[in-house]
1. Per residue, how big is the convex hull of the stretch 1-116 when only Cα atoms are used? Give it in Å³.
2. Using the beta-carbon distance between ILE136 and PHE30 and R0 = 35 Å, what value does 1/(1 + (r/R0)^6) give for FRET efficiency, to the nearest 0.05?
3. If you take all C-alpha pairs in the chain, what percent of them are over 25 Å apart?
4. Given a Förster distance of 30 angstrom, what is the FRET efficiency for SER190 paired with THR91, based on the Cβ-Cβ distance and rounded to 0.05?
5. Note the full-extension length gain between ARG46 and ASN165 as 0.36 nm times their separation in residues minus their Cα-Cα distance, in nm to one decimal.
6. In whole Hz, with x marking every Gly and Pro, tabulate ³J(HN,Hα) for the stretch 129-142 from phi via Karplus 6.51 cos²θ - 1.76 cosθ + 1.60, θ = phi - 60°.
7. Order THR101, THR90, most accessible first, counting only protein heavy atoms with a 1.4 angstrom probe.
8. Can you tell me the dipole magnitude for the stretch 1-88 around its Cα centre, using point charges on the Cβ only (Lys, Arg +1; Asp, Glu -1), in Debye to the nearest 20?
Amino acid sequence: TISRFAFARVGAPVHSTPSVLGARVGRLRFQTEDGFPEPYLLLRARIDSRGRQWVQLRVPGRPNGRTGWVVRGALARFHIAHEHLRINRTTLLAVLYRNGTPIWRSRIGVGTPSTPTPAGHYIVRERFSIAKRGGIYGPYAFGTSAYSVLSDWPRGGVVGVHGTNAPGLIPGRPSHGCVRVPNAAILRLSRLMPVGTSVEII
């Protein structure tokens, strides 16, 4: 019912195992593609034979689902998220939980069969209000750490959760991977879902 996340303190390498000898699978970064601070979803911790603490985290980027280990000192303080968003691609329903209790739900649109919304466990990385009304993102949008084969989100195919200018396509499978939400529902969600919220797409 809760998850933990942290931002990078230094741009340290991410290893495949909790060891400096582990293969490098990436590097911590400070910002998302849109210039927001990059949060990392934390999975577990381990202390190696030399007494160093390592933290396993999810690595945003393609392919989805990658994980890696960084030394604890590479991360800033840990935060706790009490919210969890579950997106069901079969029922076309999204539910936001807080401490295990549902506090928001909505019918949704997801990716087409050829550009599916990817299943997996992710995190809300960014959130912003859309100043120009009437656009494809509606009045509000969240960026996640999921990546689609092809997304209508700029700069890299990030899977977003956002409003819409085509409410008649919800519920349905009209997108390139993003999750579309009716505008009234996305505005309610904007008051409930913070950065760091864990995201489960099933």
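1. Details: hull volume 15.7 nm³, N = 116.
Dividing the Cα hull volume of the stretch 1-116 by its residues yields 135 Å³.
2. Working: r = 28 Å, r/R0 = 0.81.
Working from the Cβ atoms, E equals 0.80.
3. Of all Cα-Cα pairs in the chain, 35 percent lie more than 25 Å apart.
4. My answer for the efficiency is 0.85.
5. Residue separation times 0.36 nm, minus the Cα-Cα distance, leaves 38.2 nm.
6. 7, 9, 5, 7, 7, x, x, 5, 8, x, x, 7, 8, 10
7. Working: THR101 80, THR90 115 Å².
Largest to smallest exposure gives the sequence THR90, THR101.
8. Numbers: 15 positive and 5 negative charges, 69 e Å.
In debye, rounded to 20, the stretch 1-88 gives about 340.
The values are calculated or read from the model by the stated rules, or taken from the named source; none is laboratory data. Note that the structure is a prediction, hence the values are computed from the model and not measured. Virtual Cβ from ideal backbone geometry, glycine too; neighbours counted across all protein chains shown. Side chains are part of the model used for accessible areas, which takes the heavy atoms of the whole protein and leaves out ligands, DNA and RNA. Shrake-Rupley method; radii C 1.70, N 1.55, O 1.52, S 1.80 Å.
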